[in-house]
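Each value in this text was obtained by applying a stated rule to the coordinates, not by laboratory testing. Predicted model only: the values in this text are computed from it and were never measured. Backbone-built Cβ (ideal geometry, glycine too); neighbour counts: all protein chains shown.
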Ligand SMILES: Nc1ncnc2c1ncn2[C@@H]1O[C@H](COP(=O)(O)OP(=O)(O)OP(=O)(O)O)[C@@H](O)[C@H]1O
């Protein structure tokens with residue numbers, strides 16, 4: 001559904017009379033299959049929105065190629081635009097008009113007759129469980145209702161592919177869960193969904209496959225479970241009472257520690273087998289009279305994948 005090769009975009013911005021060049025996207029290769037929920041995960045400023053906007057024809061790439069929904073992005077952006085839906089980060093709902101009015105207007109913009117536009121709007125309101133509020137001004141909606149209107153607007157022309165830029169940012173847990181259900185329903189209806197997120201749990205729970213982007217480059221990609229399995233072994237999080245540097249020096253040399261990271265109040269150790277490493281860690285610390293506060297065994301998470309690929313935690317970046 002989406003294939004890109006070497007997609008690039010730089011921005012020039014003026015700062016204190018000097019022109020700075022920001023390489024927002026530095027050669028992105030993607031392959032998104034039809035019917036999947038594909039997640040684009042990365043920290044703030046990683047290049048997610050810029051990539052999305054290029055694929056949705058809103059920003060012109062400097063270099064690279066892409067086929068989006070069967071059309072050539074560089075040669076035929078107008079055709080791509082017809083075939084895709086795009087829902088921006090902040091959303092677009094107007095305060096005074098109602099959801100029904102907005103939906104009818106959008107459908108009319110895509111060339112539908114008045115009667116057909118009304119039918120589509122009613123269907124969309126029903127599908128997104130918005131009928132109850134449909135004739136109230138958008139300014140009276142909750143955050144979750146607004147986001148659902150935004151998505152209903154973005155797909156009113158029934159595209160095969162929709163881009164959602166951070167669809168759940170700012171929503172409370174209940175509205176997020178509701179939005180996940182809506183996104184799954186769209187996929188069940190045959191749509192391909194490409195979304196950006198910086199929530200690890202969202203990428204993990206919702207997406208069939210993900211790509212992790214950092215500083216404009218893809219650093220890892222695949223199915224979340226498979227990516228976590230690639231980080232073989234276990235993760236031990238060791239809480240230390242102020243003895244972190246000494247414990248780090250001690251444990252770094254141990255054969256069973258594959259990798260070691262310093263975290264707040266302790267260490268994160270990558271080991272082959274947590275069950276056998278725990279007593280060894282305890283013995284080593286005890287022998288050096290270092291105070292152990294806590295020790296926890298974790299299965300690798302997507303954050304560990306990010307950490308292994310970039311040396312930083314996505315939670316902290
Ligand atoms: N129009 C622009 N002019 C100058 N720099 C820009 C412009 N748009 C984006 N950038 C820069 O490009 C980089 C990538 O930005 P982008 O918005 O794509 O990141 P993002 O991953 O979507 O971040 P976020 O999660 O915060 O939305 C950032 O350093 C950003 O400041």
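Could you tell me whether the stretch 112-229 comes out rounded, prolate or oblate from its Cα gyration tensor? Rule is a ≥ b ≥ c as square roots of the eigenvalues, rounded for a/c under 1.5, then prolate if a/b exceeds b/c, otherwise oblate. In terms of gyration-tensor shape, prolate. The order of 186, 164, going from fewest to most other C-beta atoms within 10 Å of their C-beta, is 186, 164. With the simple model of a label 7 Å out from the Cα in the direction of the Cβ, residue 19 to residue 289 spans 6.4 nm. For the stretch 91-147, what class follows from the C-alpha gyration tensor (a ≥ b ≥ c being the square roots of its eigenvalues): rounded when a/c is under 1.5, otherwise prolate if a/b is larger than b/c, else oblate? Here the stretch 91-147 falls in the prolate category.
Each stretch of four or more DSSP H residues adds -39500 (n - 2.57); spread over every residue of the chain, this sum gives -10500 deg cm²/dmol at 222 nm. Taken over the stretch 36-128, the percentage of Cα pairs per 10 Å bin, counting from 0 up to the bin with the maximum distance, is 14, 34, 34, 17, 1.
One chain, two ends: residue 309 and residue 97. Fully extended at 0.36 nm per residue, the span grows by 71.7 nm beyond their Cα-Cα distance.
Of the residues 97, 142, the one with the fewest other Cβ atoms within 10 Å heads the list, and the complete ranking is 142, 97. Protection proxy ranking, highest mean first, for peptides 210-223, 285-298, 266-279: 210-223, 266-279, 285-298, where packing is the per-residue count of other beta-carbon atoms within 10 Å, averaged. Under 1.5 on a/c is rounded, so check that first for the stretch 1-89, then, if it is not, pick prolate when a/b is larger than b/c and oblate when it is not; a ≥ b ≥ c are the square roots of the alpha carbon gyration tensor eigenvalues. Since a/c reaches 1.5 and a/b is larger than b/c, the shape of the stretch 1-89 is classed as prolate.
When you restrict to C-alpha pairs under 8 Å that are six or more residues apart and normalise by the size of the stretch 239-317, the relative contact order lands at 28 percent.
Give the angle, between 0 and 90 degrees and rounded to the nearest 10, that separates the Cα long axis of helix 173-188 from the longest principal axis of the Cα atoms of the chain. Helix 173-188 sits at roughly 60 degrees to that axis. For the stretch 187-283, the share of alpha carbon pairs falling in successive 10 Å distance bins from zero is 13, 33, 27, 19, 6, 2 percent.
Seen from a random direction on average, the alpha-carbon convex hull of the chain projects onto 20.2 square nanometres.
Projected label points at residue 123 and residue 272, each 7 Å from Cα along the beta carbon direction, are separated by 5.8 nanometres. Quick check on the chain: of the DSSP beta bridges with both residues there, what percent are antiparallel, nearest 5%? For the chain, the DSSP antiparallel bridge percentage is about 70. If both residues of a DSSP beta bridge must be in the stretch 84-237, then about 40% of such bridges are antiparallel. Over all pairs of different C-alpha atoms, the stretch 69-169 has a mean inverse distance whose reciprocal, the Kirkwood radius, equals 13.9 Å. Counting neighbouring beta carbons within 10 Å and listing from fewest to most, the residues 136, 18 come out as 18, 136. Site pair residue 135 and residue 185 shows an inter-label distance of 2.2 nm when each label is modelled 7 Å from Cα along Cα→Cβ.
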